Amino acid sequence: MIKQSLRLVLYLVVSLAFGIIITLMLDQIENISVEENLRKTLESEIRGAAASFKEATKDVSDEKVTSFIKQYSSVVMKDKIIAVDRAQNSWTNNNKSRFLFTFSEGGRFIDFYIKDSFRENELVVLDTPELIFGVFATIVAFTSIAFYTEKRRQTKIIQQQFEFEHTKLRKALQEHEALALLGRMSATLAHELKTPLATISNLIQILPSRISDEKFLKRFRTILREELMRMQQLMDNLLVYGKEIEVKHEEWIELEPFIKTLVAKNNLTISCGSRCKIFGDRFYMTLLFENLLRNSQSASASEITIRVNMPSMDSSSLYILFEDNGRGFPRDAELERLTDPFVTWQSYGAGLGLYLVRKIASAHGGNVSLYRLDNGAGVRISFPRSRIKLYA
């Protein structure tokens with residue numbers, strides 16, 4: 001009976017000793033982790049302050065950067081760190097701080113030290129209740145570790161299976177969306193190319209019998225050019241639709257002569273109410289206005305009016321208003337949806353024109369909205385004020 005009691009006491013003492021040792025070890029490990037994270041956080045904060053200062057100040061010198069960092073450290077982080085400029089060499093460590101890291105900028109070096117007072121406040125301090133709880137938790141952990149490990153293993157297996165199935169479903173969804181888009185674009189391409197190809201084919205069949213007819217040849221060349229331009233426009237639209245627009249080659253474009261050059265290809269009358277220049281990529285601006293002109297021509301418009309509107313003096317944007325005298329938008333059409341891809345109110349067309357207008361405007365920092373006129377349709381294109389230059 002005495003031996004059994006002694007054995008129980010011995011087991012208890014060993015368990016308590018083991019629990020205390022484990023608790024102290026865990027406390028020390030946690031302190032090491034806390035101190036490491038603390039160091040990383042302080043270093044990241046200092047370097048982040050330097051990076052923000054550089055971004056906010058143009059043509060900043062290395063001396064200004066180091067001066068800012070020293071001032072930032074002494075004001076914002078004075079309770080946490082000490083900044084020592086090696087060039088001054090007027091500070092000695094009094095064993096109340098520990099080296100953190102060295103910040104260098106253009107040959108100048110600042111050594112940072114973390115104050116022991118701040119470091120100790122951040123570290124975990126082990127008190128008696130925590131020690132008792134740690135010992136109790138250690139004993140409980142020993143009795144439940146097998147059950148916990150098995151449950152965790154099963155949970156991990158289930159999670160891996162779930163992630164595997166989720167990855168398969170996501171991949172299948174992406175493939176389905178890609179195939180759906182490819183099918184839609186293919187159907188659009190086939191539908192749009194059918195008419196110009198049939199027209200060209202018929203003309204080629206008639207050509208041998210009317211090769212000497214000058215009037216026919218002139219008409220043949222005109223129709224052939226128009227149909228090829230229509231096909232080229234479709235190909236350009238589909239290519240731009242399928243990629244992200246990167247505006248790289250920007251220049252100031254005088255709007256009136258630029259638009260009149262495009263109008264000459266569409267047999268429309270142009271009226272520019274405001275003389276201005278627009279800063280943008282000529283290729284994409286050509287595509288933008290060609291799509292607008294093509295829509296106006298499809299709506300039987302004969303006149304185009306373009307003017308620049310300024311909402312207010314303090315507005316950050318300017319509007320280019322593109323208006324025609326065609327049939328206009330259908331009364332039952334949702335104007336917001338007409339700028340979505342593959343949405344059209346016409347019996348023919350790919351439904352990409354207004355979408356590409358919006359996409360190109362967005363790439364230049366602008367936006368597009370549609371509005372109705374009593375006799376015709378209007379497109380409002382907003383651009384940042386910095387991209388529009390008005391002149392008399």
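Those residues that are surrounded by fewer than 14 Cβ atoms within 10 Å (Cβ to Cβ) and either touching a Gly at 6+ places or on another chain (Cβ under 9 Å) or within 13 Å of residue 110 (Cα to Cα) (or both), I need them from the stretch 68-78; list them, please. Matches in the stretch 68-78: 71, 74. Across the stretch 286-342, the qualifying residues are those that are closer than 28 Å to residue 386 by Cα, of a type in the set (Phe, Trp, Tyr) and outside any helix (DSSP H, G or I), and the one among them that is modelled with the lowest pLDDT is 319.
Within the stretch 358-376, not a single residue is at pLDDT below 85, open to solvent by 30 Å² or more (accessible area, probe 1.4 Å), in contact with a helix residue (DSSP H, G or I) (Cβ under 6 Å, 6 or more places away or on another chain) and not small (Gly, Ala, Ser).
Here's the yes/no breakdown for (1) surrounded by fewer than 11 Cβ atoms within 10 Å (Cβ to Cβ); (2) free of Cβ contacts under 8 Å to residues at least 60 places away in the same chain; (3) within 16 Å of residue 118 (Cβ to Cβ):
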| site | (1), (2), (3) |
| --- | --- |
| 34 | no, no, yes |
| 45 | no, yes, yes |
| 97 | no, yes, yes |
| 107 | yes, yes, no |
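The values are calculated or read from the model by the stated rules, or taken from the named source; none is laboratory data. Owing to the predicted nature of the structure, the values given are computational and were not obtained by experimental measurement. Cβ: placed from backbone, ideal geometry, glycine included. Neighbour counts: every protein chain shown. For the accessible areas, the whole protein counts, side chains as well, though only heavy atoms, and no ligand, DNA or RNA atoms are used. Shrake-Rupley method; radii C 1.70, N 1.55, O 1.52, S 1.80 Å.
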